[in-house]
Amino acid sequence: MSKRTEKKNKKKNRKDTEGWRSAKTSDRHELYELSVQNVESEIDFADHVWERLRGRTARTLREDFCGTFAAACEWIRRRDDNTAIGVDLDEEVLAWGRERNLPVLDDDQRARLEILQKDVRDSGATGIETVLAMNFSYFLFKTRDGLRTYFESVYRDLADDGILICDAYGGSDSYTEMEEERHLDGFTYVWDQSHYNPVNNDVVNHIHFRFPDGSEMTEAFTYQWRLWSLSEIRELLEEAGFRNVTVWWEGTEEDSGEGDGEFEPTDVGEACPGWIAYFTAEK
Ligand SMILES: C[S@@+](CC[C@H](N)C(=O)[O-])C[C@H]1O[C@@H](n2cnc3c(N)ncnc32)[C@H](O)[C@@H]1O
């Protein structure tokens, strides 16, 4: 290619990327919802669990660490008599949710949703059928006492037949300092496991977003967690009073060998490099 054509193409490429996402024009919460969350499948899973364990669906849901409360909104949309409460400490993320996620609900749906800027351990929202704690948020409690105290508060706040549903991640890759990229529509999502301390299992993970124009939203989100094992979590749930603490493991697609999005109860997982599992814990 002649220098001239190259230059012309560069100019053309520049023009083509006009209106594309860039670090300057992007909103980190919007990109988070697009890249990390899949609230439809979370709520599908909650319904699946309730049908399996209780032979019916639940009506009341509390989304702990709710952020933009997207799962609570999905719960509200799912059935006309569903009610939801979202709980998060951070006014900034709640304000984003109020601005972006509330307007797409109609008046009746909005009336069935309550948002509380409170600590999940002391929200005052009780008598709840399902507490949902997703995207590993409870990993921020780094001691056994701290995590047990959270689980005890959920146990206290649940209805008599209530169920806690939460997720966990692990696998050999989770003990490695590494970056993983996923190319999405108009931007790249980067999961950066930047620090792991084998002495106490402390991890620091960042989410960055990269854009076609070469710009980057660095450390859009940062998580300082303890990488809990499934057996530690199970023990603490049981110590908090829960019974029938169950791990749900993801099935495998035959062709790709990847997870198939279907989770079933199990006592035996697989030693794969990266996995996500669900817990259900019954009151
Ligand atoms: C990883 S984000 C989770 C967002 C959302 N649950 C999801 O599934 O993507 C963690 C959220 O927990 C909130 N948070 C941290 N500690 C909290 C606490 N003690 N009580 C309530 N919210 C808390 C933070 O403000 C943040 O919005």
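The values are calculated or read from the model by the stated rules, or taken from the named source; none is laboratory data. Everything quoted here is computed from the prediction, not taken from an experiment. Because the Cβ atoms are built from the backbone with ideal geometry, glycine has one as well, and the counts that use them run over all protein chains shown. These area figures cover heavy atoms from the full protein model, side chains too; ligands, DNA and RNA do not enter into them. Shrake-Rupley method; radii C 1.70, N 1.55, O 1.52, S 1.80 Å.
Tabulated data for the structure shown
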item	result
Pairwise label distance in nanometres, E99 with T126, each label 7 Å out on the Cα-Cβ vector	3.6
Largest-first ordering by accessible area, 1.4 Å probe, given options C272, C73	C272, C73
Within the chain: Cβ-based charge dipole about Cα centre, in debye rounded to nearest 20 (Lys, Arg +1; Asp, Glu -1)	1400
Alpha carbon Rg of the stretch 173-225, scaled by the compact-globule rule 2.2 N^0.38 Å	1.23
When the stretch 124-199 is reduced to its Cα atoms, the Kirkwood hydrodynamic radius in Å	15.2
Against the rule of thumb 2.2 N^0.38 Å, how large the Cα Rg of the stretch 15-148 comes out	1.15
Per-pair calculated FRET efficiency, R0 = 22 Å: L140 and T176 via Cβ, rounded to 0.05	0.55
Two-site label geometry, A159 and N38: point separation in nm, points 7 Å out along Cα→Cβ	2.8
Accessible surface of the chain [probe 1.4 Å, protein heavy atoms]: carbon and sulfur percent	46
Solvent-accessible heavy-atom area per residue, rounded to whole Å², over the stretch 173-225 at 1.4 Å	53
Candidate residues Y175, Y138: accessible-area rank, largest first, probe 1.4 Å	Y175, Y138
Area accessible to solvent at H195, 1.4 Å probe radius, in Å²	80
Computed lengthening from E232 to T188, 0.36 nm per intervening residue step minus Cα-Cα distance	12.5 nm
Distant alpha-carbon pairs in the chain (separation over 28 angstrom), percent	42
Simple label model, 7 Å out from Cα along Cβ direction - R54 to T252, nm	3.4
Magnitude of the charge dipole, the stretch 173-225, Cβ model with Lys/Arg +1 and Asp/Glu -1, debye to 20	100
